Amino acid sequence: MAVKIRFARMGKTHAPMYRVVAIDSRKKRDGEALEILGTFDPIAGKIVQFHAERVQAWVDKGAILTDSVKKIQKMHKKQQIVAA
């Protein structure tokens, strides 16, 4: 089974929110996810929630990050450095 870590859309028509999910790559965008790993608000441009340790656990098991999730991960690391 090929697992990807990607966005699943939720929210209203003109107010999108995205969940960061681990999902089988053959499933639909909003299909049944294996695990919810975070939430991103593109309107405000901020990460609402991000479980970096769970993302890393999935990557260690062989999951592939999409480009958009890589950007979110980089943004999260930058926020952690600033907060520390």
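Just a few scattered comments:
- Qualifying positions in region 11-20 - assigned to a loop (DSSP other than H, G, I, E, B) and either open to solvent by less than 60 Å² (accessible area, probe 1.4 Å) or within 14 Å of ILE72 (Cβ to Cβ) (or both): ALA15
- Only one of ILE43, ILE72, ILE23 that is among the aliphatic types (A, V, I, L, M) and loosely packed, with under 14 Cβ neighbours inside 10 Å: ILE43
- Residues (open to solvent by 80 Å² or more (accessible area, probe 1.4 Å) and not in a loop (DSSP other than H, G, I, E, B)) located in region 26-40: ILE36
- Looking only at region 54-64, and only at residues there that are free of Cβ contacts under 8 Å to residues at least 24 places away in the same chain and over 12 Å from the mean Cα position of the chain (by Cα), the one that is least open to solvent (accessible area, probe 1.4 Å): ALA57
- Residue-level check: of (1) part of a helix (DSSP H, G or I); (2) touching a residue at least 24 places away in the same chain (Cβ under 8 Å); (3) surrounded by 17 or more Cβ atoms within 10 Å (Cβ to Cβ), ALA8 misses just (1).
- In region 41-84, residue farthest from VAL20 (Cα to Cα) [restricted to those that are assigned to a strand (DSSP E or B) and among the aliphatic types (A, V, I, L, M)]: ILE64
- All positions within region 7-46 that are over 26 Å from GLY62 (Cα atoms) and acidic (Asp, Glu): ASP41
The values are calculated or read from the model by the stated rules, or taken from the named source; none is laboratory data. Since we're looking at a predicted model, the values are computed, not measured. Using ideal geometry, Cβ is built from the backbone for each residue, glycine included, and neighbour counts are taken over all protein chains shown. Accessible surface is based on the protein model in full, side chains and every heavy atom, while ligands, DNA and RNA are left aside. Shrake-Rupley method; radii C 1.70, N 1.55, O 1.52, S 1.80 Å.
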